[in-house]
Amino acid sequence: MSYLLFMLPALALSLWASWRTRSTFKKYSKVGTLRGLTGAQAAQVMLRGAGITDVQVVPTHGFLSDHYNPMNKTLALSEATYASNSVAAVGVACHEAGHAIQHARSYKPLWLRSALVPTANIGSKGSYIVIIAGMLLHSANLVYLGVLLFAGVLLFQIVTLPVEFDATARAKRLAVENGIVLPQEREGTDKVLNAAAMTYVAAVASTLMTLLYYLLRASAMSRR
């Protein structure tokens with residue numbers, strides 16, 4: 001079976017998750033919150049509500065490039081989030097503030113994900129080189145080694161799931177508790193955050209299918 005055919009279900013899930021995230025964000029980026037807070041202001045309210053005063057909220061370039069950096073305690077919000085008072089922007093900003101709260105509360109899965117970054121980097125950069133070399137040299141052992149390296153990427157992504165789901169759960173709850181969005185507005189923020197969460201599930205599915213594909217190739221080579 002060809003790689004593309006084997007990966008078709010995972011590819012379809014990834015495309016659907018990406019489309020859903022963009023379309024949901026686009027829809028709710030046109031709906032302003034009743035309180036009128038921008039994404040940056042919403043994040044600051046979330047942080048203050050959690051007693052966090054040492055995290056800086058800054059703008060960054062790129063569509064949905066929002067992220068929290070635990071190394072320098074910087075919460076970077078994309079242009080579509082930072083200055084917008086839309087339901088979508090506020091939802092994303094509160095999600096990223098959720099990561100800052102995780103960091104302040106020493107949330108163990110976040111610590112584990114940070115610890116796995118070097119392993120994931122090695123796996124993503126080196127695994128394909130080893131796998132391709134193994135296939136060119138008809139060496140099942142080399143392919144297995146490449147798969148082992150690539151498993152580090154999968155492990156990182158699996159650990160990422162509870163980190164993202166927890167940040168989303170915090171955002172949904174605290175956005176209402178802190179008065180950032182009213183209860184009747186929560187449906188919009190929930191839809192934006194749920195759509196974004198599916199992209200992480202799709203990434204795990206894609207990586208898992210890739211790993212299984214090369215495991216099957218290595219197994220077939222070892223039987224020859």
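The values are calculated or read from the model by the stated rules, or taken from the named source; none is laboratory data. For clarity, every value in this text was computed on a predicted model and none was experimentally measured. Ideal geometry is used to build each Cβ from the backbone, glycine not excepted, and the neighbour counts take in all protein chains shown.
Overview of results
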read-out	value
Residue match in segment 74-91 (condition: surrounded by fewer than 16 Cβ atoms within 10 Å (Cβ to Cβ), more than 30 Å from Ala220 (Cβ to Cβ) and in contact (Cβ under 8 Å) with a residue 24 or more places away in the chain)	yes
Segment 3-22, subset small (Gly, Ala, Ser) and farther than 12 Å from Met198 by Cβ, residue surrounded by the most Cβ atoms within 10 Å (Cβ to Cβ)	Ala10
All positions within segment 32-69 that are closer than 15 Å to Tyr82 by Cβ and among the aliphatic types (A, V, I, L, M)	Leu37, Ala40, Ala42, Ala43, Val45, Met46, Leu47, Val55, Val57, Val58, Leu64
Test result for Leu15, among the hydrophobic types (A, V, I, L, M, F, W, C) and more than 20 Å from the chain's Cα centre (by Cα)	no
From Ala133, Ala171, Ala167, Ala120, residue being in contact with a Gly (Cβ under 7 Å, 6 or more places away or on another chain), farther than 28 Å from Ser84 by Cα and part of a helix (DSSP H, G or I)	Ala120
Check on Leu112, closer than 19 Å to Leu193 by Cβ and modelled with pLDDT of 95 or more	no
Residue match in segment 210-224 (condition: touching a Ser or Thr at 6+ places or on another chain (Cβ under 8 Å) and either closer than 30 Å to Cys94 by Cβ or exposed (fewer than 15 other Cβ atoms within 10 Å of the Cβ) (or both))	no
Given (1) exposed (fewer than 15 other Cβ atoms within 10 Å of the Cβ); (2) closer than 18 Å to Asn178 by Cα, number of the condition Lys26 does not satisfy	(2)
Residue that is modelled with the lowest pLDDT [pool: residues in segment 59-68 that are surrounded by 12 or more Cβ atoms within 10 Å (Cβ to Cβ) and more than 10 Å from Ala97 (Cα to Cα)]	Leu64
Test for His138: is it in contact (Cβ under 8 Å) with a residue 40 or more places away in the chain, at positive phi and not basic (Lys, Arg)	yes
Test: residue in segment 159-171 that is surrounded by 19 or more Cβ atoms within 10 Å (Cβ to Cβ), in contact with a helix residue (DSSP H, G or I) (Cβ under 7 Å, 6 or more places away or on another chain) and basic (Lys, Arg)	yes
Residue list for segment 32-58, restricted to those being surrounded by fewer than 17 Cβ atoms within 10 Å (Cβ to Cβ), closer than 21 Å to Leu193 by Cβ and aliphatic (A, V, I, L, M)	Leu34
Selection count, segment 4-42, where residues are in contact with a strand residue (DSSP E or B) (Cβ under 8 Å, 6 or more places away or on another chain) and under 30 Å from Ser206 (Cβ atoms)	3
